[in-house]
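Taking it in order: structure first as structure tokens, then the write-up.
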Amino acid sequence: MRRLSVLFALTLLCGLLVAPAFADDALPQAGTAAPTFRLQDQNGHWHSPADYHGHWLVLYFYPKDFTPGCTTEVCTFRDDVAKLRQAGASVVGVSLDDVKSHADFAAKYHVPFPLLADSDRKTASEYGVLGSMVGMHYAKRTTFLIDPQGKIAKVYVDVDPKANSGQVLADLAGLQKATP
């Protein structure tokens with residue numbers, strides 16, 4: 001019996017130690033103001049949500065430059081950027097990588113929109129997408145569609161890198177029709 005109690009206690013302790021790495025922080029919800037930030041892009045230019053006031057903003061977080069899923073996602077947004085801009089939206093990607101990594105990633109894949117460096121992890125934390133596993137931190141693949149007034153219109157979690165841009169385009173069209 002004692003052996004079973006010790007085993008149960010160890011299992012519980014391991015669960016408590018691992019759970020924070022996978023726990024979802026509080027994501028900002030639709031209808032709330034988008035958290036503010038000030039981050040540099042791959043060209044060293046600074047960006048904040050206020051820069052996009054009056055326009056729709058697709059703010060997508062991704063785990064790591066040059067990884068397969070992230071490359072698929074950035075290329076899909078790149079390929080759809082003209083349609084998104086025609087729909088009145090700007091696209092901005094964010095990861096924990098530094099400016100140099102973003103510059104190399106953007107150059108290799110001809111990315112025509114800002115990739116923001118959240119090296120201090122504050123913005124990912126504010127948006128509730130900061131994850132960690134085995135001591136490594138990353139931004140969880142999550143997209144926020146922010147309306148022209150700076151409020152979150154839609155949140156996409158567990159994003160499919162190949163389908164996300166199309167989902168955003170479809171939802172953007174529907175949201176624009178519903179907005180007087």
Report summary line: By residue number, the members of the range 132-173 that are assigned to a strand (DSSP E or B) and among the hydroxyl-bearing types (Ser, Thr, Tyr) are 132, 138, 142, 143, 156
Requested in this report: Look at residue 142 and say whether it is within 12 Å of the chain's Cα centre (by Cα), among the polar types (S, T, N, Q) and farther than 18 Å from residue 41 by Cβ.
Outcome: yes
Query raised in the report: Within the range 78-131, how many residues turn out to be under 16 Å from residue 42 (Cβ atoms) and assigned to a strand (DSSP E or B)?
Result: 9
Requested in this report: Go over the candidates 81, 74 one by one and state the one that is at pLDDT 95 or above and closer than 20 Å to residue 157 by Cα.
Outcome: 74
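The values are calculated or read from the model by the stated rules, or taken from the named source; none is laboratory data. Remember, predicted model here, so these are calculated numbers, not experimental data. Every residue, glycine as well, gets a Cβ built from its backbone with ideal geometry; the counts of neighbours run over all protein chains shown.
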